[in-house]
Amino acid sequence: VFAHLEQVPGDPILGLTEAFNADARPGKVNLGVGIYYDEAGRIPLLRAVDAVQRRLAEEGAARGYLPIDGLPAYTRATRELLFGVDSPLLAAGRVTTAQTVGGSGALRTGAELLKHSLPTARIAISNPSWENHRAVFGAVGFEVLDYTYFDAERHGLDFDGMLADLRRLEAGTVVLLHACCHNPTGADLDVGQWRQVIAVLAERALVPFIDIAYQGFDKGIDEDSAAIRLLADSGISNFMVASSYSKSFSLYGERTGALSVVCADADEARRVQSQVKRLIRANYSSPPSHGAMLVSGVLNDPELKLMWEQELGEMRTRIHALRAGLVARLDAQGAGRFAFINDQAGMFSYSGLSRAQVDRLRDEFAIYAVGTGRICVAALNDRNLEYVAEAIAKVAD
Ligand code: LMR
């Protein structure tokens, strides 16, 4: 049955973690995968999450099946966090949300829904984009196009190029957009630029699909969902949002995500939700319960929610400080040309390092980065910062 199957290359991001784990060199640093590590180099267990976890353990919480579309207290709280508690769309019942297996599960379920509804549509993703976007949409049978996004020379957004490419897309094309903390470049749109993009999406009858995996990691919870709020106000009647709590709740392995679909009215929302449930049931039946119970336990308790917002704020502030620390140390090593790292948002920096330089970082210094030059700034700490800066300065020389 399997004799003819060939070996395929390892995943460009998660495959790095496998190689990192197998590396016996002391002092190794994994700047590959997007995970926030604390100052001690550990994945933090947030205090608010810990409080709910303890309560669930004490209660001996039951582990029955969740509904196909997830825990209602989780999906409601998720909608409110994304769209804002006072959103008229929520009041009108126009947004339907399903809990999914991480943000990837949301993208996949959303892709399947779109394929079912618009079988001939194509999708356009930013160039570059998260490595898995192309794979997820390709797996569902979409032709995946690129739109210009990044100017590698200037290490920033190529906004004119982006608008020009979006204007060229055929009506009905799905456009995948990163709400904040663009992965991998860290180059984001400001509010004025979002308004212009949304005007083009409306004018060209394009179908927005927002991926928001880092809400709260750049400016704040509401600020980082500006794109969603602006789209909600735009009059565009349909768009989709794939969201994830992996980073914002430090719950990577719990796979806590959600797919929200904005519909023309409440009746359409009910029909869409029935379709989403059908897709999920035929895929993994129903989502896992533990992570959703943790998140909804925090978001539905005002005190714990406040505690979480503070903890999220601490992670955000620390990432900004790590960026500044890396730039300062690189500068001290004579590599002042990396100052642009300070302007990038979120966990990642698109360092501009070539594949050969990334290979040297791994081979000579046991520092792992994505082959495209993406580094995870949130994996730095006071103990490895100097070492990483020295190594980057050496390979980039
Ligand atoms: C990343 O981009 O590193 C994260 O989103 C983790 C992943 O699944 O790739």
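I need the chymotrypsin sites (Phe, Trp or Tyr not before Pro) found in the stretch 1-50, filtered to DSSP loop residues with at most 15 other beta carbons within 10 Å of theirs.
Passing both the DSSP loop test and the Cβ count: F2.
By the gyration tensor of its Cα atoms, with a ≥ b ≥ c the square roots of the eigenvalues, what is the shape of the stretch 1-101: rounded for a/c under 1.5, prolate for a/b over b/c, or oblate?
Because a/c hits 1.5 or more and a/b exceeds b/c, the stretch 1-101 counts as prolate.
For an R0 of 30 angstrom, estimate the FRET efficiency from the Cβ-Cβ distance between A135 and I35 and round to the nearest 0.05.
Approximately 0.90, to the nearest 0.05.
With N set to the number of residues, divide the alpha-carbon radius of gyration of the stretch 150-287 by 2.2 N^0.38 Å and report two decimals.
1.12
Between E386, E364, E311, find the one with the highest GNM mean-square fluctuation for the chain; connect C-alpha pairs within less than 10 Å.
E364
Could you point to the residue in S285, L90, S104 farthest towards the positive end of the chain's charge dipole, with +1 and -1 charges on the Cβ of Lys/Arg and Asp/Glu respectively?
S285
Ranked by Cβ crowding within 10 angstrom, fewest neighbours first, how are Y65, Y368 ordered?
Y65, Y368
Let me check against my output: what whole-number percent is the relative contact order of the stretch 63-300, with C-alpha pairs under 8 Å and at least 6 apart?
That works out to 32 percent.
Using the Cα centre of the chain as the reference point, and only Cβ charges (+1 on K/R, -1 on D/E), how large is the resulting charge dipole? Debye, rounded to the nearest 20.
Here the chain has a charge dipole of around 760 debye.
Express the relative contact order of the chain as a whole percentage, based on alpha carbon pairs under 8 Å and six or more residues apart in sequence.
26 percent
For the stretch 357-397, what relative contact order do you get, as a whole percent, if you take Cα pairs closer than 8 Å and at least 6 residues apart?
Reported as a whole number, the value is 43 percent.
Computed over the Cα atoms, what is the radius of gyration of the stretch 137-230 divided by 2.2 N^0.38 Å, N being its residue count?
Expressed relative to 2.2 N^0.38 Å, the Cα Rg reads 1.07.
On full extension of the chain, what length is gained from E153 through S237, given 0.36 nm per residue of separation minus the C-alpha to C-alpha distance?
That works out to 26.5 nm of additional length.
Can you give the three extents of the C-alpha atoms in the stretch 63-300 along their principal axes, from longest to shortest, in whole Å?
Taking max minus min along each principal axis of the Cα atoms, the stretch 63-300 gives 52, 36, 34 Å.
Across all directions of projection, what mean area in square nanometres is found for the Cα convex hull of the chain?
The Cα convex hull of the chain, projected and averaged over all directions, gives 20.8 nm².
Taking the dipole about the Cα centre of the chain, with the C-beta of Lys and Arg at +1 and of Asp and Glu at -1, give me whichever of G10, N30, Y147 is farthest to the positive side.
Checking the options against the dipole of the chain, the answer is G10.
Using 1/(1 + (r/R0)^6) with R0 = 41 angstrom and r between the beta carbons of A24 and K219, what's the FRET efficiency to the nearest 0.05?
Computed FRET efficiency for A24 and K219 comes out at 0.55.
How would the stretch 213-262 be classified by its alpha-carbon gyration tensor: rounded, prolate or oblate, with rounded meaning a/c under 1.5 and the a/b versus b/c comparison settling the rest?
Oblate.
Name the most mobile residue of D224, D211, D267, meaning the one with the largest mean-square fluctuation, in a Gaussian network model of the chain with Cα contacts below 10 Å.
D267
Just so you know, all these numbers are worked out from the coordinates, no wet-lab data involved. Computed from a prediction, not measured in an experiment: that's the story for all the values here. Glycine also receives a Cβ, built like all others from the backbone with ideal geometry; neighbour counts cover every protein chain displayed.
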